[in-house]
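For reference, the structure discussed in these notes is given below.
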């Protein structure tokens, strides 16, 4: 076994450093939000040198996104209530609970930031692609049950449902209650299943 393979082995020092840095990032995000995140503080809390963080993540924006992508994947699970309407409403409630938490709010504000470099844009794209791919099973189950036609665009359905939630959480700060979730679930399903003129 070579020195290089030892260095790269799963669970080695690199993995431990990554885990420590991402954990420290999440803790500091919860305490001070993305605007207050300081690489020096992350390094001190993680017990690593600042250069190790800059070498791997380059900017605080990339570090935040990397930390939040993994956290979100663990927290946001695809519901299975037995109906597409119930699944959408349950998914919406998960998004509301997450989006109104300190870490969830930090992620949404980071994802919505205007300033982008190519790596940050790629990370954002990968985050949303992964989320849509995971939630696509919700639509596929509804097709199997006969609630949705096989021709439905699953991503469009999910975007149509999720967008009003994010708009309220990020822009108007209006409450998102169960009645609102039920209404936009009905609108999203009706919209993507409507017969289009030839």
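Inside the range 141-169, can you point out the residues that are more than 21 Å from residue 68 (Cα to Cα), in contact with a helix residue (DSSP H, G or I) (Cβ under 7 Å, 6 or more places away or on another chain) and in a helix (DSSP H, G or I)?
142, 154, 155, 156, 157, 160, 161, 164
State whether one or more residues within the range 100-114 are modelled with pLDDT of 90 or more, in the same structural domain as residue 163 (by TED's automatic domain parsing), closer than 21 Å to residue 183 by Cα and surrounded by fewer than 18 Cβ atoms within 10 Å (Cβ to Cβ).
No: the range 100-114 contains no residue that is modelled with pLDDT of 90 or more, in the same structural domain as residue 163 (by TED's automatic domain parsing), closer than 21 Å to residue 183 by Cα and surrounded by fewer than 18 Cβ atoms within 10 Å (Cβ to Cβ).
Checking the structure you have, find out if any residue of the range 8-19 is at pLDDT below 85 and either assigned by TED's automatic domain parsing to the domain that holds residue 176 or in contact with a strand residue (DSSP E or B) (Cβ under 6 Å, 6 or more places away or on another chain) (or both).
no
If you go through the range 138-155 one residue at a time, how many are touching a residue at least 24 places away in the same chain (Cβ under 8 Å) and surrounded by fewer than 14 Cβ atoms within 10 Å (Cβ to Cβ)?
Number satisfying all stated conditions: 3.
In this structure, is residue 42 in the same structural domain as residue 18 (by TED's automatic domain parsing), in contact with a helix residue (DSSP H, G or I) (Cβ under 8 Å, 6 or more places away or on another chain) and at pLDDT 85 or above?
Here the answer is yes, as residue 42 does meet what is asked.
Taking residue 63 as the residue in question, decide whether it is closer than 22 Å to residue 19 by Cα and surrounded by 14 or more Cβ atoms within 10 Å (Cβ to Cβ).
Yes: the conditions hold for residue 63.
Please determine whether any residue of the range 78-90 is closer than 27 Å to residue 24 by Cβ, free of Cβ contacts under 8 Å to residues at least 40 places away in the same chain and out of contact with any strand residue (DSSP E or B) (no Cβ under 7 Å at 6 or more places or on another chain).
no
Against the conditions (1) modelled with pLDDT of 90 or more; (2) in a helix (DSSP H, G or I), where does residue 74 fall short? Just the number, please.
The failed condition is (1).
Mind listing whichever residues of the range 25-58 are surrounded by fewer than 14 Cβ atoms within 10 Å (Cβ to Cβ) and assigned to a loop (DSSP other than H, G, I, E, B)?
The answer is 38, 47, 49, 58.
The values are calculated or read from the model by the stated rules, or taken from the named source; none is laboratory data. No experiment lies behind these values; they were computed from the predicted model shown. No Cβ is skipped: glycine too gets one built from the backbone with ideal geometry, and neighbour counts run over all protein chains shown.
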